Every structure is written in C-alpha cells, then in structure tokens.
Amino acid sequence: MASNNVQPTGKDFSLAIVGGGICGLTLAIALAKAGIPSNVFEAAHKYGEIGAGIGVGCNAVRVLEELGLARDVAAKSESSSDSADGSGHHAAMKSFKFVRGEAPHEIIFDYPEGPTDEGLGLHRASFLEALAGNIDRSMITEHFKKRCTSIQKMGSGRTLLVFSDGTTHETDVVIGADGLKSTVRRFVLGLPEGARDESLVFTRTAAYRGLVPIEELKAAGAKTDFLQSLCWFGEDKHLITFPIRDNKILNIVAFTTDFSRPMEYEGNPQEWVKDVPQAEMLKDFEGWGPEVQAMLNGIKNPSKWSIHALYPTIDKYVAGKVALIGDAAHATLPHLGGGAGCGIEDAYVLARLLANPQTNAANVEAVLEAYQTVRVPRGSYTANQSKFAGDAYEGHGPSGPTDEGRMKDFSKLWEEIWRHDLRQELRVAEGALIARGAFTS
C-alpha cells in the first residue's frame, strides 16, 4: 500500500471508475496524487489481467515517469535488464527489426530509434501488480466482485451504477475503464437495454500466444538472436517476438488474418480466447522457415485469441458526466503495441483536466467534453495506424508486398505514436474550455 499523505483538494463532485485494469488504476493513482479521491469497481475478486506479454511504448513510459510510477513498473518488467542510463531503473524494450518469416530469414529493415525511445516489455499481470503497489487507500476505495451491468441517469443529475450482485452505487462522475465488452460504452453510445453493441467487431485476425524458454530454442538448433524485438513478416501472417523475464523467456504472438472477409459484428461470443491443439497452429504456418518452426514447436499448449476491436473507430467518448478511457473507448488491433499506451495517455490527460483548480461540479461536463475533443483523434489515429501496420506486415500495405514496398510502409510506423505531445493536448483542451467560458484565462 502506498500513502503519500496527500490531502483531498476539496472537489465538489464524487467520481467512480468502472474497471480496475491498467488504465483504470493508472487513472485512480493519478487522481489520488492530485488529491482527488475515487471509488474503483472491479468485476474480479482481485486485480488481475489475462494475457501474456505486453509492450509499453516510450510515450507511455514518459507518462509513468511523470506520475512517479516508472521505476516500480520497470522493476516488474521482464524484458532486458539493460537500461538506457545503465542504472537498471528502466528495463529497455528496443524497437523492432523486420525479418522474413520464410527461409531465408533475412532482416530487411531495422526500425530507427532515438536515445529516449526505449519502451518496456512485461506481463500484463506484472504491470498491474506494480500499479496495485502504488494505491493510496486513503484516497482510493476499492470494490471487488462488482460487475457493472447497467448505468442509469438519475433525476438529481447524478449517475447510478448497477452491479450484478444487486447492489448499486450513486456518484457524480463515472469513468468507464471496463475494456472491450464495456457496459459504460453502451451508456455513452445510447444503446437501449438489451441492444447489441455492434461497434465491437471481429477483425478477422487471430493470434496464437505462447512463452518458450530461450535455452530450449537454442537446444532445438535455433540460430536467431532472440534478445531483440523481431517482427517476422509474411503473406497474411506475421509473428511478434521479444524476450521477457531477464531474457530467459521468449514471448511469441503468431498472427493470421483472413483478408477475404470484412470486419463485422459476430454476436460477441463469450469465448474469444481458447486453448487449441499445437497442430492447428503449425498448419497455419506450414511452409514458414526453420526458425519460425522451432519457435512454434516450442509452444506445446497455445492459446488462440480472436481479436475484436472497435472498427470503424467511435467518435463519442463522453455522455454527460460519463466518459470512456482505454479499450472501452478505442480497442484496437495490437500491431503497434500502442493500445495500452494510448489508454495510459487517456488516464493522464483526464486526470490533469479533472485536477485543474478550475474544474468543479458546475463545469465538469464541459471538462469531459474537452477531454473527448483531444482524445478521440488520438484514439482513432492509434487504431487506424495499428490496422495499417498489420496490413503492411502481412503484405497488404499500400506500397505492396515487395521488400521495397514493405520497407516504405515500415519506415515511420511509430513516429506519431511515440512522439505525440500530451502537454500540447492539454493546452488545446484548456483553450477550448476558456473559449466556451468554462475556464477563465
């Protein structure tokens, strides 16, 4: 438990966060550090994330540094033990090299990176554990086993959260950090009770995931230097690999895409993640080179993820005093590793706007609308650029499947993802609030 003896700022509104994942906890912690208390409602009995490795770009690392969280997250990081400054404070995840998936395994492009471009690679649960260690329980009230099933606007102007166990919670401001199958998003989009949320579509991309000890790969005859971030590209398929756990384990994600069918709503099945026979995965990558075969043969019990996301992107993150962050707002294909970072940015920008001394109950709706004004373009760009990247990896980029075409499409994939100026975003948001009279200059 963390406690910095922060005194409440005396804001005249209450705030609830639905979802205790990475984005929800980042927001709660950022608000707490600014003196704003919150209630966090998590559906599970404890904090926990399904999934395997996650890449966090340098844009999100900068936010974590400003919030005083970077060192604790880096301590949980399972990527290289090297750091940019030699201190070991930041476990560096280097930018990607692009290698042919079929033999011969030639590297055709090494994505350029600057001295401050290192990200972090770690397990989602480890990230969450680091955040949970920074919860100031004098400012953040946690509620577990609270699955939000509906949201109701009350006559008083407040909002009522209804949970699956029959309990309710009344609050002024609601932030939905409840992920892909967001209940809060249904409210923001104005969906009637029982209506289908058709904004969430099957992207026609599936991902096989697994973790393999690097020593096992070497023993099997693999020659690749796995202590780097690699994108193995091919036709309608690609793999992403990077080392975690002090370079002992290789995180492997093998993607396949059916480009013959459009993305569309498919009834939101409950089982988007399932265990599959290794033979199914091997068949999908039949004909790929020996290094890929060695990696996939090392995954004895692969899980298969049907990737769902919000395409086309939505342009509405706010309804009254209810707002969305993270995957609830802009669930994206994972091809740039930018989704979590974009959600962390959401949390930062929203926390800064809510913590502004001029923000109060009378103008908080305008403040949320200002958040929407600056974050919708960013969320949409991240999602669409991720789609562009996946297409390019798999030979469907605008410059075509030749090596020259791929290199052209690869050349600036992360430029705007990594270099985005959040301080400028805040200036734009605050300027909009001044222009509408919600803030004074």
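Structural remarks
- In the stretch 241-256, the qualifying residues are those that are β-branched (Val, Ile, Thr) and more than 18 Å from LEU282 (Cβ to Cβ), and the one that is surrounded by the fewest Cβ atoms within 10 Å (Cβ to Cβ) is ILE249.
- Pairs, first closer than 20 Å to THR332 by Cα in the stretch 389-416, second among the polar types (S, T, N, Q) and in a loop (DSSP other than H, G, I, E, B), C-beta under 8 Å, six or more apart: ALA392/SER399; ASP409/SER399; TRP414/SER95
- Looking only at residues of the stretch 257-274 that are modelled with pLDDT of 95 or more and polar (S, T, N, Q), we find that the one that is farthest from HIS238 (Cα to Cα) is SER260.
- Qualifying residue in the stretch 326-341 (condition: more than 28 Å from PHE98 (Cβ to Cβ), without any contact (Cβ under 8 Å) to a residue 60 or more places away in the chain and assigned to a loop (DSSP other than H, G, I, E, B)): no
- Filtered residue count, the stretch 206-263, keeping only those that are outside any strand (DSSP E or B), of a type in the set (Phe, Trp, Tyr) and in contact with a Ser or Thr (Cβ under 8 Å, 6 or more places away or on another chain): 1
- Filter result for the condition that a residue is at pLDDT 95 or above, outside any loop (DSSP other than H, G, I, E, B) and exposed (fewer than 15 other Cβ atoms within 10 Å of the Cβ), over ARG423, ARG406: ARG423
- Number of residues in the stretch 302-334 that are out of contact with any strand residue (DSSP E or B) (no Cβ under 9 Å at 6 or more places or on another chain) and of a type in the set (D, E, K, R) equals 1.
- Scanning the stretch 163-209 for residues that are touching a residue at least 60 places away in the same chain (Cβ under 8 Å), within 20 Å of the chain's Cα centre (by Cα) and on the phi > 0 side of the Ramachandran plot turns up just one, GLY179.
- Filter result for ASP136 (acidic (Asp, Glu), surrounded by 14 or more Cβ atoms within 10 Å (Cβ to Cβ) and at pLDDT 95 or above): yes
- Selection status of GLY267, surrounded by fewer than 11 Cβ atoms within 10 Å (Cβ to Cβ), on the phi > 0 side of the Ramachandran plot and outside any strand (DSSP E or B): yes
- Whichever residue in the stretch 79-99 is buried (at least 19 other Cβ atoms within 10 Å of the Cβ) and at pLDDT 90 or above and, among such residues, is farthest from ARG406 (Cα to Cα): PHE96
The values are calculated or read from the model by the stated rules, or taken from the named source; none is laboratory data. The structure presented is a predicted model; accordingly, all values stated were derived computationally and were not measured. All Cβ positions, glycine included, derive from the backbone under ideal geometry; neighbour counts span all protein chains shown.
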